[in-house]
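Chemist: Pasting in a structure now, in structure tokens, and then I'll have a few things to ask.
The values are calculated or read from the model by the stated rules, or taken from the named source; none is laboratory data. Not measured: the values here are computed from a predicted model. Glycine gets a Cβ as well: all are built from the backbone with ideal geometry, and neighbour counts include every protein chain shown. Please note that ligands, DNA and RNA were not included when accessible areas were found on the heavy atoms of the full protein model with its side chains. Shrake-Rupley method; radii C 1.70, N 1.55, O 1.52, S 1.80 Å.
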Amino acid sequence: MRSPVNWALLGLVIQRPSYGYELVQRFERTYGEALELSSPSQIYSALDALARHRLIEKLPKQELEPGVRQPKPHYRATARGTRDYEQWLICQLQEERRRSRLFAQQLAVLAPQAALGVLERCEEACLKQASAVAPEAASGEAWREDASRLTARLVSEEDRLAIGAKLSWIEYARRELTALTTKRSGPR
Amino acid sequence: MSLLELERVGRSVRQGAHERVVLRDVSLQLESGELLAVWGVRHSGRSMLLRVAAGIEPADSGVVRFAGQALSARCGEMLGKGIAYCSNAAGSGEAHEVLDELMMGQLARGVPRALSRARAVAALERAGAERCGARASHELDRAEAVRVRIAGALVLAPSLLVIEEPTRAVDLLERDAILALLRSLADEGLAVLMSAGEATALSGADRALALTNGVLRGSVTPELAPVLTLRARARA
């Protein structure tokens, strides 16, 4: 199962059992621009796919709210679903590493001068992104506050650290490339 | 006219028989109410840039102007007269009470005792360090020490605060509160120029610049908000 929407949806079902329409809303609220649905119906086909892979299952009818005449089918995660989701998260780190390495390889294909130009523009973008994150002071009582605020802080810290790593890498790459250009153009 | 202007500033330092270029042709402008963060690794020239901008160190070439006036070779003349500078060096380690330390500079300038005390108390409060007043400076943790230094700067009612690495070695969960404090000071009209060794400290800045090997990159002039033409009000 490769679709990031499926995995993201599985995460929401793990968070708490739910039904289609509510999941569409939670999906949009939680992931926002980071992961957009092509249409709400994507959630329903994703639920089917997850159920087919036995990562989620329908809640038995007696566990649904009593008195509701037409209960909506609620889904919950299976033990396998939770385990696979965690495993998938760990694999995502490798995926991220792969993408960063690919970026370095694709940059190295360019002539040093052109690569330096690209680096400069990347650096500018990184600096803009780094300052665009608003600092949000932790209250020191994370257990008291809304989970969404904690999530927002975790997301922003991940962003900031990743940008920092990129800036340091750009600095290193610039030195290497500059050394290369001065060697090439300098006297023997 | 910008509050602070650096125009093609160059600076070298002697290291034994060698001369090392620390700042190369650095230009930048900073307006009141702006928070400008300069990111750089060690030996990038970030501390020198701040010291030259604050008029503590002279520039070898180029000009530094504060409120339209060129900072002359008489170093440090604007400190306390519009420019406040906070270094990140460890404190004196002396056992003075924080409140006394904040009053000393003012008393030396002839400010009456009661007034200097009131200003020190207000500055500590503004910097979120009101609980530190009665403590000795060597008893403070890193975040408290930074807040106290900011208070020490605010006492002098500067229009430009130059602060070196305000979040260095600060506990992770305290870091953003300090950045938010600097942001709020800028929102009140203070111009803030800060350096940072980690990109996490750039958050909340109006502009972030990178300094590498004495070369400054990024938007060195303020990005003015686009001018919006007001829509003509529909006639009733």
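Chemist: Restricting the search to segment A:6-26, which residues are open to solvent by 60 Å² or more (accessible area, probe 1.4 Å) and outside any helix (DSSP H, G or I)?
Modeler: Kept after step one, since they are open to solvent by 60 Å² or more (accessible area, probe 1.4 Å), are these residues of segment A:6-26: A:15-17, A:21, A:25.
The answer is A:Arg16, A:Pro17.
Chemist: Scan segment B:186-199 residue by residue and report those that are within 13 Å of another protein chain (Cβ to nearest Cβ) and open to solvent by 10 Å² or more (accessible area, probe 1.4 Å).
Modeler: Matches in segment B:186-199: B:Asp187, B:Gly197, B:Glu198.
Chemist: Tally the residues that are surrounded by 17 or more Cβ atoms within 10 Å (Cβ to Cβ) and either in a loop (DSSP other than H, G, I, E, B) or over 14 Å from the mean Cα position of the chain (by Cα) (or both), restricting the search to segment A:27-48.
Modeler: Within segment A:27-48, residues that are surrounded by 17 or more Cβ atoms within 10 Å (Cβ to Cβ) and either in a loop (DSSP other than H, G, I, E, B) or over 14 Å from the mean Cα position of the chain (by Cα) (or both) number 4.
Chemist: Further question: Just give me the residues in segment B:35-62 being open to solvent by 20 Å² or more (accessible area, probe 1.4 Å) and farther than 15 Å from B:Ser12 by Cα, in sequence order. Explain how you work it out, then say what you get.
Modeler: Within segment B:35-62, the subset open to solvent by 20 Å² or more (accessible area, probe 1.4 Å) is B:41-43, B:46-48, B:51, B:56-62.
B:Val41, B:Arg42, listed by residue number.
Chemist: Based on this model, can you work out whether B:Ala157 counts as over 21 Å from B:Ala196 (Cα atoms), open to solvent by 10 Å² or more (accessible area, probe 1.4 Å), of a type outside the set (Lys, Arg) and not in a helix (DSSP H, G or I)?
Modeler: Details: over 21 Å from B:Ala196 (Cα atoms): yes; open to solvent by 10 Å² or more (accessible area, probe 1.4 Å): yes; of a type outside the set (Lys, Arg): yes; not in a helix (DSSP H, G or I): yes.
Judged against the criteria, B:Ala157 is a match.
Chemist: On to the next question. Open to solvent by less than 100 Å² (accessible area, probe 1.4 Å) and closer than 27 Å to A:Arg153 by Cα, is that true of A:Ser100?
Modeler: yes
Condition check ((1) farther than 24 Å from A:Leu167 by Cα; (2) free of Cβ contacts under 8 Å to residues at least 60 places away in the same chain) across all residues:
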position	(1), (2)
B:His18	yes, yes
B:Leu23	no, no
B:Val26	no, no
B:Gln29	no, no
B:Ser32	yes, no
B:Trp39	no, no
B:Arg42	no, no
B:Arg46	no, no
B:Val52	yes, yes
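Chemist: Tally the residues that are more than 20 Å from the chain's Cα centre (by Cα), open to solvent by less than 60 Å² (accessible area, probe 1.4 Å) and hydrophobic (A, V, I, L, M, F, W, C), restricting the search to segment B:6-20.
Modeler: The number of residues fulfilling the criteria is 1.
Chemist: What strands (runs of 3 or more DSSP E) lie completely within segment B:24-109 and have 3 or more residues being farther than 27 Å from A:Ala132 by Cα?
Modeler: In segment B:24-109, the matching strands (runs of 3 or more DSSP E) lie at B:61-66.
Chemist: Out of segment B:139-176, which residues are touching a residue at least 40 places away in the same chain (Cβ under 8 Å) and acidic (Asp, Glu)?
Modeler: B:Glu164, B:Glu165
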